[in-house]
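I have placed the structure first, in the form of structure tokens, so that the comments after it can refer back to it.
Quick note: the coordinates plus some simple rules give every number you see, no bench work behind them. Every value quoted in this text rests on a predicted model; they were computed, and no experiment measured them. Neighbour counts are summed over all protein chains in view; Cβ atoms, including those assigned to glycine, are modelled from backbone coordinates with ideal geometry.
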Amino acid sequence: MTQLKINCYKYASPAKFYVLAGKLIPWFALPAGILFFLGLYLGLFVAPTDFQQGEAYRVIFVHVPAAWMGMFLYILMAFYAALGWAFNARVSSMMASSLSVTGAMFTGLSLLTGSLWGRPTWGTWWVWDARNTSTLILLFLYIGFIALQSAIEDSRRADRAGAVLALVGVVNVPIIYFSVQWWNTLHQGATIRIIDDTTMAGSMLAPLLIMIAACWLYSVAVVLARVRCIIAEREELRPTEAVA
Amino acid sequence: MNWYEFFFMGGYALYIWGAYAVTFVAMGGEVILLIRRQKAVRDHMQTFRSIHEVET
């Protein structure tokens, strides 16, 4: 029993997690690469032209994965930040810091690709509607989290301050998700639905799901790679462990 | 379908390829920055280690 308990907490140690993360990265990076190629091939060559939007809809294969990752990574970041705060778990806090950068990148991408999709379909690069505005706020929350953490010298205090901001901001995620139902908006509703039938042809849905899976795997790989850097930079490793 | 048609994207080339290009640049950029950060960490640890070896 004690043996099991020790094993459960083994990877809460930054030095142990550093080694584990290093071993895990290729298992996520490689499938991510394969799925990106497959998704792009199916999305650009196999998926048919949309009868309403023509070829313009093909932005969906980068826009939707980016938007989903922006939201999911925020929830994950807040979760890790809270865990690190509540249980004084350093690795969890470092995971939150690592997630914030990739989350911000994906949120930025969802705004940029959304803009490039909005121009031909809505006739404008940007509108101050619910979906767009709440996503912009998400980007500001990420930037605020990163800025707040880098402004505080003591890393554990920075972790706690960041956790408060991350947890307060989490309320924005359901607002983004439901914004297309709650308010009138130019943004189209969800195509992939959990309860109803998905309103999308299989040949278009498959590359979309593959791209989403690829973005997930990619995120895990880069977040683990970054958390390794953070562990090392915070000098959590003893000289003997500082290999590979 | 020929290649011209493919790159023309029914007149939406700028938007489609623009969206794919920013995504590629952002994700590729993230990977490159991470590799450089990792290298800096490794170099730093190498010196850290050799100092430790000299001291002990």
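Note on the stretch A:82-235: semi-axes of the ellipsoid equivalent to its C-alpha gyration tensor, largest first and rounded to whole Å, are 32, 18, 15.
For chain B, the set of trypsin sites (Lys or Arg not before Pro) satisfying both a DSSP loop assignment and a count of at most 11 other C-beta atoms within 10 Å is empty. Compared with the dominant Cα axis of chain A, that is its longest principal axis, helix A:202-233 is turned about 30°.
With an 8 Å cut-off on Cα pairs and a minimum separation of 6 or more residues, tell me the relative contact order of chain A in percent. Averaging sequence separation for qualifying contacts and normalising by length gives 34 percent for chain A.
At an R0 of 22 angstrom, the distance between the Cβ atoms of A:ASN88 and A:VAL19 translates into a FRET efficiency of 0.50.
Based on the Cβ-Cβ distance from A:GLU153 to A:TYR177, what FRET efficiency comes out when R0 is 51 Å, to the nearest 0.05? Taking R0 as 51 Å, the efficiency between A:GLU153 and A:TYR177 is 0.90.
Please give the length that would be gained between A:ARG160 and A:ASP50 if that part of the chain were fully extended, namely 0.36 nm times their separation in residues minus their C-alpha to C-alpha distance (nm, one decimal). Walk me through the numbers before you get to the answer.
Working: separation 110, 0.36 × 110 = 39.60 nm, distance 4.78 nm.
Answer, rounded to one decimal: 34.8 nm.
Taking only the Cα atoms of the protein assembly as shown, the radius of gyration and Dmax are 21.4, 73 Å.
Please identify the longest segment of chain A free of exposed chymotrypsin sites (Phe, Trp or Tyr not before Pro), where exposed means a DSSP state other than H, G, I, E or B and no more than 16 other Cβ atoms within 10 Å.
Values: sites that count: A:PHE51, A:PHE87, A:TRP125, A:TRP126, A:TRP128, A:TRP183.
Longest gap between qualifying sites, sites excluded: A:184-244.
Taking the Cα atoms only, what angle lies between the long axis of helix A:130-151 and the longest principal axis of chain A, rounded to 10 degrees? Relative to chain A, helix A:130-151 is tipped by roughly 20 degrees. Angle of helix A:155-169 to the longest C-alpha principal axis of chain A, folded into 0 to 90 degrees and rounded to 10: 30°.
For the stretch A:1-150, take the alpha-carbon Rg, divide it by the Kirkwood Rh, and send me Rg/Rh. If you can, show how the numbers build up before the last one.
Numbers: Rg = 19.6 Å, Rh = 18.0 Å.
Reported Rg/Rh, Kirkwood definition of Rh: 1.08.
Can you compute the charge dipole magnitude of the protein assembly as shown about its Cα centre, using +1 on each Lys and Arg Cβ and -1 on each Asp and Glu Cβ, nothing else charged? Give it in debye, rounded to the nearest 20. Walk me through the numbers on the way to the answer.
Numbers: 21 positive and 17 negative charges, 146 e Å.
Around 700 debye, computed over the protein assembly as shown.
Got a sec? How would A:SER203, A:SER179 order by Cβ neighbour count within 10 Å, fewest to most? Please list the in-between numbers first.
Details: A:SER203 12, A:SER179 18.
Fewest to most other Cβ atoms nearby, the residues stand as A:SER203, A:SER179.
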